[in-house]
1. Being open to solvent by 30 Å² or more (accessible area, probe 1.4 Å), out of contact with any Leu (no Cβ under 8 Å at 6 or more places or on another chain) and farther than 30 Å from Ser116 by Cβ is the requirement here; does Ser329 meet it?
2. If the requirement is being in a helix (DSSP H, G or I), within 30 Å of Tyr269 (Cα to Cα) and of a type in the set (A, V, I, L, M), which of these qualifies: Ala172, Ala178?
3. State which residue is farthest from Glu285 (Cα to Cα) when the search covers only segment 303-362 and only residues that are out of contact with any Lys or Arg (no Cβ under 6 Å at 6 or more places or on another chain) and of a type in the set (Phe, Trp, Tyr).
4. Residues in segment 180-199 that are more than 15 Å from Arg93 (Cα to Cα) and open to solvent by less than 30 Å² (accessible area, probe 1.4 Å): how many?
5. Quick one: count up the residues across segment 282-307 that are open to solvent by 80 Å² or more (accessible area, probe 1.4 Å) and either in contact (Cβ under 8 Å) with a residue 24 or more places away in the chain or within 19 Å of Cys255 (Cβ to Cβ) (or both).
6. Thr206 passes all but one of (1) surrounded by fewer than 19 Cβ atoms within 10 Å (Cβ to Cβ); (2) in contact (Cβ under 8 Å) with a residue 40 or more places away in the chain; (3) of a type in the set (Val, Ile, Thr); which number fails?
7. Do we have Glu34 as more than 18 Å from the chain's Cα centre (by Cα), assigned to a helix (DSSP H, G or I) and more than 29 Å from Glu277 (Cα to Cα) here?
8. Could you list all residues from segment 209-242 that are touching a residue at least 12 places away in the same chain (Cβ under 8 Å), assigned to a loop (DSSP other than H, G, I, E, B), on the phi < 0 side of the Ramachandran plot and open to solvent by 30 Å² or more (accessible area, probe 1.4 Å)?
Amino acid sequence: MIDNLDYPVQLIQPNGARVCRPEFDRLITDIGPEELLSLYRDLVVSRRIDTEAVALQRQGEIGLWAPMLGQEAAQVGSARALASDDFAFTSYREHAVAYCRGVPPELLTTMWRGISHSGWDPEQFNVTNPAIVVGSQGLHATGYALGAHLDGAEIATIAYFGDGASSQGDIAEAMGFAASFRAGVVFFCQNNQWAISEPVSLQSRTPISHRAIGYGIPAIRVDGNDVLAVLAVTRWALNRAREGSGPTFIEAITCRMGPHTTSDDPSRYRADTDMSEWRNRDPLERVRLLLEQRGLLGEKELTTIAAAADDVAAGLRRATIALADPPPSALFDHVYVEAHPLIDAEREEHRAYLGSMEGALS
């Protein structure tokens, strides 16, 4: 199944109307009223986590944050498509992916507060910590997928990256390697229209998904603000990976509504009027409208979901503020899995340096 690349897959219109697409509807037959409400709850909670983290950064409690406002459906839909033993390799904006994989929200800000190189054990949740090196996760996902296949594991991996990262050599090499060795990896590009200050038109004169065709990788475009469409398309791609059919490229068309990171000022390179059309495509609003049209969402449900989101945000805030600075020696922990003589020597040198400083100040 390779959908027409000129027409992204859509199952929910911005006004909440359901679109009938039998070839994709069959992939989400298990999504009934309760499951749809659960998807909506994940969307609301993810956005609440994001807004709370931005507030924490503005108040000086964390050093940096990469907002995901507007990209919730792309992340929730794809993450909810993953099986428990699949592995997600993220960039630095996939907070909703981590949340949907079971990472406790209070761990999401650990690295961003600057007290740790990471926030959680990737093997516990089968999702990596934020990858700051743009595009590197594509190689990691490809290698892991190939290794799992050689071990006889019927799993899939998914590599998240943005439109800007699609121009990185690491992504190109990952796609070439995955195509050659039929690695079970899904390349999930969140085309959010902007690579920091440069529009996607500067990255590619054609849809980014067309690049995959040159590698012999099946590609599909999807409305990245439609959680059901993303769920269906990602399930299809993951199934291909698990059955040994090789890699798939998904271009989820969405928009980064906020800054690239909290150190960025998007008003310097785009007008607010450019965002008006995307506000009308809000990923949360269309699911809310669909639920309301089906009589599944009233004031009681809205209040319950909002309260749950506020509880998660409050826990995130308490945990973040309570994070203590680690001892200087922690810098040398977790560099290698096993003890390494070079690290041991550097740790001792650093200990001696701190000791000399204390002596000089006494």
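1. Taking the combined requirement at face value, the residue does not satisfy it.
2. After ruling out the rest, the residue left standing is Ala172.
3. Once the filter is applied, the top-ranked residue is Tyr353.
4. Matching residues across segment 180-199 total 5.
5. 2
6. (2)
7. When the stated conditions are applied, Glu34 passes them.
8. Tyr215
The values are calculated or read from the model by the stated rules, or taken from the named source; none is laboratory data. If you're wondering where the values come from, they're calculated on a predicted model, not measured in any experiment. Virtual Cβ from ideal backbone geometry, glycine too; neighbours counted across all protein chains shown. All accessible areas refer to the heavy atoms of the entire protein, side chains included, with ligands and DNA or RNA removed. Shrake-Rupley method; radii C 1.70, N 1.55, O 1.52, S 1.80 Å.
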